[in-house]
Amino acid sequence: MQIATLGPSGNNHELIALRYLAKHGQPSTNLHLFEQFEEAFEALIEGRVSHLLQCTAHFSHSDCVGRYMHRAYPVDVFIAGSKPLALVAQRSIASPRHVAIQPATRHYTDLSSFGDIIEAPTTVAVAEGLLAGTFEAGICAEEVVKQAPEQFKLVQSLGPALDTWVVYATTQLPATSALFLNHAPLNEKDNSGARHH
């Protein structure tokens, strides 16, 4: 199994892909990180990797489903927790005016006290911007506070996000797979209930 997912190193896609490889007894060297999902899907289609892992909360997920339909097939799904997240702010700023977020984290906590919301492509990019002093506050992995406790204050722990993850391959699962729901027959009770709701 050679698995592709989204970089950079240190993000949740890498974390979950490494857990997935370990679960299947595969070495971490079988992980390939790409800058964009389009590049990762092309690597899958071209046979340079055997599998691809994507979080369904990622903003590109629906586009990828449509773009690679009939070429990349979901072959596994599971739920996994991200690194624990937190709302973090610069210690040197008493009342931060802006907050940086990856769009999927927008509603993880109340951000109404901030004048501006700055969107970043990943929570890793948020952490990097915080470390560089570009961002006054942001939602990122809570571990960034431990990395630079003199620079950051923990505003609010948010815990891990529980997301649905999909593994793709170029060969479709057989119709008998337990992952297929659409082939399950409905009984009369289920069918009549569906009509009333």
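None of the figures in this text is laboratory data; all of them are computed from the coordinates on show. These figures come from a predicted structure and were not determined experimentally. We place every Cβ from the backbone using ideal geometry, glycine too, and count neighbours over all the protein chains shown.
Results, tabulated for the structure shown:
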{"item": "Longest segment of the chain lacking trypsin sites (Lys or Arg not before Pro) that sit in a DSSP loop with at most 15 other Cβ atoms within 10 Å", "result": "107-197"}
{"item": "Value of relative contact order over segment 85-159, rounded to a whole percent, pairs C-alpha under 8 Å and six or more apart", "result": "49 percent"}
{"item": "The chain - share of DSSP beta bridges that are antiparallel (%, nearest 5)", "result": "70 percent"}
{"item": "Residue 116/residue 154 FRET efficiency (R0 25 Å; Cβ-Cβ; nearest 0.05)", "result": "0.70"}
{"item": "Helix-only mean residue ellipticity at 222 nm for the chain, each DSSP H run of n ≥ 4 adding -39500 (n - 2.57), per residue, nearest 500", "result": "-7500 deg cm²/dmol"}
{"item": "Value of relative contact order over the chain, rounded to a whole percent, pairs C-alpha under 8 Å and six or more apart", "result": "26 percent"}
{"item": "Which of 168, 108 has the fewest Cβ neighbours within 10 Å, and the rest in rising order", "result": "108, 168"}
{"item": "Cβ charges +1 (Lys, Arg) and -1 (Asp, Glu), total dipole of the chain, debye", "result": "380 debye"}
{"item": "Overall form of segment 85-159 per C-alpha gyration tensor (a/c, 1.5; a/b vs b/c)", "result": "rounded"}
{"item": "Burial order of peptide ranges 49-59, 76-86 (average beta-carbon count within 10 Å, highest first)", "result": "49-59, 76-86"}
{"item": "Amide H within-cut-off set for residue 78, under 5 Å, with H built and near neighbours excluded", "result": "165"}
{"item": "Fewest-first ranking of 163, 63, 110, using other Cβ atoms within 10 Å as the exposure measure", "result": "110, 63, 163"}
{"item": "Dipole axis of segment 1-112 (+1 Lys, Arg; -1 Asp, Glu on Cβ), positive-most option in 18, 30, 101", "result": "101"}
